Amino acid sequence: MTHSTATTTADLDVRLEKHRTELTGYCYRMLGSSFEAEDAVQDTMVRAWRSYDKFEGRSSLRSWLYRIATNVCLDMLSAGNKRARPMDLTEATPLAQAALSPRPDHTWLEPMPDTRVLPTTEDPAEAAVAKESVRLAFMAALQQLPPKQRAVLILREVLAWKASEVAELLGTSVASVNSALQRARATLAEREQHGADAAVSDPLDEEQQKLLERYVAAFEGYDMTALTALLHEDAVMTMPPFDLWLTGHDDITGFMTTLGAPCAGSRLLPVQVNGLPGFAQYKPDPEQGGFMPWAVQVLEISDGRITGFHCFLDTQRWFPLFGLPLHLEAETDQVEEGV
């Protein structure tokens, strides 16, 4: 008896665990926070465990888990907090008035490693939709929707559930689901007119790869002329937890050579973040030598230029999430090459 219970327990663990990545992706889209999403999934798994004996198999295990996860997220969202990007909250700041004033963590839309939210799939179209649906611009738009509309839109448009399945999950009618979806689409369409999303190929095409290589060379060399050539004239730079955001290559490079001057000599390591190309930025560590973590950078690209340059600065939280070291040694091989 005990042996069979243990086997069932282990089996249930494996079955629940299979859904962790996709559930994390769902909760992340709902909540806009990497850490809250992981907490919500953990809570979902615990609730599923505790009430598994009441699961009668009328729906699939997956649908049942999504129902639990939806309830967990709706409970978490009842406080009414909407996470945002700096440009959702304030006007752009001219460089001359740039000041670094932080806002609390719960204000901001948070970055997320692709590996934690994008399940592996053989279907390229499905993979492309999943990536597009965690990009920062789409995530920010989702945060503007009331929680139930948000759930409907994600389940119908991103996860391709039928209206009847969503109605059953939310305990409502198909007509009500269709109406919520229409309203959600209208809100997103309105927002799209106020800012184009990044147009990034999946995988990156040759031109985009070259753009990123030129970006790394320009940033690591702190070459503002080269960087200006890569930035769209309306490019945007953000730096949560600061609410400051800058627009236009002159203000961005001007900031980098004034308040941002300590970033000269940085090293960039590539990361996959929010379905977009990104880098972990390490800047020179004046005390210990080598390099200290400074930002997770997320780049938005369109028409061969960088249109968005988003730096998430809370490195004590982000670098462990991405499995990145909290210190880089100075590169001795460069010295040896010069000998």
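Some notes on this structure:
- Accessible area of segment 1-90 belonging to carbon and sulfur atoms, whole % at 1.4 Å probe: 51 percent
- Heavy-atom surface analysis with a 1.4 Å probe gives segment 213-261 a carbon and sulfur content of 54 percent of its accessible area.
- Segments 26-32, 144-150, 171-177, 213-219 sorted - mean Cβ within 10 Å per residue, highest first: 26-32, 144-150, 213-219, 171-177
- Highest mean packing first, where packing is the average number of other Cβ atoms within 10 Å per residue, the peptides 315-324, 11-20, 269-278 line up as 269-278, 315-324, 11-20.
- Solvent-accessible heavy-atom area per residue, rounded to whole Å², over segment 260-339 at 1.4 Å: 45 Å²
- Relative contact order [Cα under 8 Å, 6+ residues apart], segment 1-126, whole percent: 36 percent
- The length gained on full extension between residue 178 and residue 55, counted as 0.36 nm times the residue separation minus their Cα-Cα distance, comes to 41.5 nm.
- The residues of segment 102-227 expose on average 51 square angstrom of accessible surface per residue, using a 1.4 Å probe on protein heavy atoms.
- Between segment 82-150 and segment 220-275, the alpha-carbon center distance in angstrom: 18 Å
- FRET efficiency for the residue 223 to residue 123 pair, using the beta carbon distance and R₀ = 30 Å, is estimated at 0.15.
- Using every pair of separate Cα atoms, the Kirkwood estimate puts the hydrodynamic radius of segment 113-244 at 17.6 angstrom.
- The helix-only estimate of mean residue ellipticity at 222 nm for the chain, built from DSSP H runs of length n ≥ 4 each weighted as -39500 (n - 2.57), is -14500 deg cm²/dmol after division by the residue total.
- Once the Cβ-Cβ distance of residue 39 and residue 164 is raised to the sixth power relative to R0 = 25 Å, the FRET efficiency obtained is 0.25.
- Overall dimensions of segment 1-92, expressed as equivalent-ellipsoid semi-axes from the Cα gyration tensor (√(5λ), whole Å, largest first), are 33, 12, 10.
- For the pair residue 190 and residue 13, a Förster radius of 45 Å applied to the C-beta separation gives a FRET efficiency near 0.55, rounded to the nearest 0.05.
- Taking a ≥ b ≥ c as the square roots of the eigenvalues of the alpha-carbon gyration tensor, segment 40-140 is classed oblate because a/c is 1.5 or more while a/b is no larger than b/c.
- Within the same chain, lysines fewer than 8 places from residue 82 are excluded, and of the rest, those with a Cα less than 21 Å from its Cα are 148.
- Close amide H pairs (under 5 Å, H built 1.01 Å from N) link residue 112 with 274, residues at least 5 positions away or on another chain.
- Shape summary of the chain, radius of gyration then Dmax from alpha carbon positions: 22.0, 74 Å.
The values are calculated or read from the model by the stated rules, or taken from the named source; none is laboratory data. Quick caveat: nothing in here was measured; it's all calculated off a predicted structure. In this analysis, Cβ positions are derived from the backbone assuming ideal geometry, glycine residues included, and neighbour counts consider all displayed protein chains. Each accessible area value is taken on the protein alone, full model and side chains, heavy atoms only, with ligands, DNA and RNA left out. Shrake-Rupley method; radii C 1.70, N 1.55, O 1.52, S 1.80 Å.
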